[in-house]
Amino acid sequence: MATTVLTDAHWQVNSVDLSEWVTEVSLELSADAPEDTAMGDTWRSKLGGGLKNGRVTVTFNGDFANNGAEDKLWADFGTARSWKLRPDSDAASASNPEYTGDGSTCSVILTDWTPISGSVGDVAKITATYEISGTPTRTDS
């Protein structure tokens, strides 16, 4: 079993590589399992094949300079964009799967954004949640 330590995750939105500011990234996928339990059943019954949903949550170091992280994120706020996410910046492979959306059939929308966060003496942080719209592609070769 190979275990990965994230040290060089790749996050790209609208062909802009934001990886240099990323400190934490999370891809969350879910699938509904609609319940079809009926009278007389003694156990709950669920169906597969429900709607799927996804989001990417990213934490960035706070760079507020022109062309810094905050500047680039501001341009994406509320807009559907293409995207790519890999555990490592190397090319997609069996041990480095790439999740993508081309911006047409699948995109991310920056829906929740905290442009300034931190306490006295801390490195400023920016958090962003991108909702996935459409079916992402997973490439592992």
Sequence-separation-based contact order of region 43-102, relative, with Cα cut under 8 Å and 6+ spacing, percent: 20
Where labels lie 7 Å past Cα in the beta-carbon direction, separation of THR37 and ASP8 in nm: 4.9
Largest-first ellipsoid semi-axes for region 48-95, taking √(5λ) over the Cα gyration tensor eigenvalues, angstrom: 26, 18, 10
Value of relative contact order over region 47-141, rounded to a whole percent, pairs C-alpha under 8 Å and six or more apart: 35
Gain upon complete extension [ILE116, VAL16; 0.36 nm per residue less C-alpha separation]: 33.9 nm
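Given Cα positions, please report Rg to Rh for the chain, the hydrodynamic radius being the Kirkwood one.
The Rg/Rh ratio comes out at 1.08.
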The chain: most fluctuating residue of LEU110, LEU85, LEU51 per GNM, C-alpha cutoff 10 Å: LEU51
Ordering of 102-109, 61-68 by burial proxy (mean other Cβ atoms within 10 Å per residue, highest first): 102-109, 61-68
Spin-label model distance (nm) - SER95 vs ASP140, 7 Å beyond Cα toward Cβ: 1.4
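The numbers here are math on the coordinates, done by the rules we state, and not lab data. Because the structure is predicted, anything quoted here is derived from the model rather than measured. Counting neighbours? That spans all protein chains shown, and the Cβs are built from the backbone with ideal geometry, glycine included.
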